[in-house]
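Here's the structure, in structure tokens; my notes come after.
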Amino acid sequence: MAETALMTRDENPMAMVRLMVEKGSDPDQLGKMMELAEKWQANQARRAFTDAMAAVQADMPTVVRDARNSHTGSRYAKLETVMRQCKPVCAAHGLTVSFSEGEHPREGWVRIIAQVRHTDGHVEVYHRDGPMDNKGPKGGDVKSELHGVASTVTYLSRHLFCGIFNVTIADSDTDGNQPGAMVNEQQAVEIEQLLEQAGANVDRFKDWAGGIATIAELPMARFTAARDMLLRKIGGKPS
């Protein structure tokens, strides 16, 4: 009964495991408690991942199309543009993304796999499939097989990433987050004050923000992520 009461009070099975180890509890009981603790940790990590995903999607900037498809004439956002603007937002909320290729049961198709990992340990795996991109607008082969694979991987990676994080791709940015837009004077002062309160390394912050020279050059697209990151460091509540 005492052990059960302690677990209820702490609301953390790991504390119970430590206590049972110290007391030299029965191995079978200890094993069951360790299994419970592992499930509890996994649930906590999953919850942290879900919270981070929601925060990332709320902070994601609008990415403006900056390239044109020479065959179709349509405009699109390059993968490097998407990643340059969006990965810092993911990192600010403890998420990392890695891509790999997987086997596809259909000949001539490519599967791209994305692993999204949170700092607390939870991982989610997503994938997107597509046919080899080696055809021109009239159906003829216009690319080598190697070029076709590279083009397909880039295309699928871009669309997979944007789908996971609900990234908006637009012809122009109506939210003031267009490439090159910087924070206003009031926002710059707010970030400077938060940096001081958090005791943060300003040079490291500038590198994280894209290698800016001054806080006034902080991209508008990263303002919310920067503010929330510093507030968490201070112990405040992100807006």
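Quick check: net charge around L79, other residues with Cβ under 12 Å of its Cβ, Lys/Arg +1 and Asp/Glu -1?
+2
Suppose accessible area is computed on protein heavy atoms with a 1.4 Å probe; arrange K87, K206, K39 from highest to lowest.
On the way: K87 100, K206 40, K39 130 Å².
Heavy-atom accessible area, descending, gives K39, K87, K206.
Ordering V56, V189 by accessible area with a probe of 1.4 Å, largest first, what comes out?
Numbers: V56 0, V189 60 Å².
Sorted by accessible area, descending: V189, V56.
Among K78/K206; K39/K87; K78/K233, which pairs are too far apart, with a Cα-Cα distance over 27 Å?
Checking Cα-Cα distances, K39/K87; K78/K233 exceed 27 Å.
Please list the non-local residues whose amide H lies under 5 Å from the amide H of V183, H modeled 1.01 Å from N, same-chain partners needing a gap of 5 or more.
Counting only residues 5 or more places away or on other chains, the set is L218, M220.
Can you list the residues, at least 5 places off or on another chain, whose amide H is less than 5 Å from the amide H of T168, using H built in the peptide plane?
Amide H neighbours of T168, under 5 Å, 5+ apart: V63.
What does the accessible area per residue of the stretch 54-123 come to in Å², with a 1.4 Å probe and no ligands, DNA or RNA counted?
Averaged over the residues of the stretch 54-123, the accessible area is 53 Å².
The values are calculated or read from the model by the stated rules, or taken from the named source; none is laboratory data. Please read these numbers as outputs of a predicted model, since none were measured by experiment. Every residue, glycine as well, gets a Cβ built from its backbone with ideal geometry; the counts of neighbours run over all protein chains shown. Side chains are part of the model used for accessible areas, which takes the heavy atoms of the whole protein and leaves out ligands, DNA and RNA. Shrake-Rupley method; radii C 1.70, N 1.55, O 1.52, S 1.80 Å.
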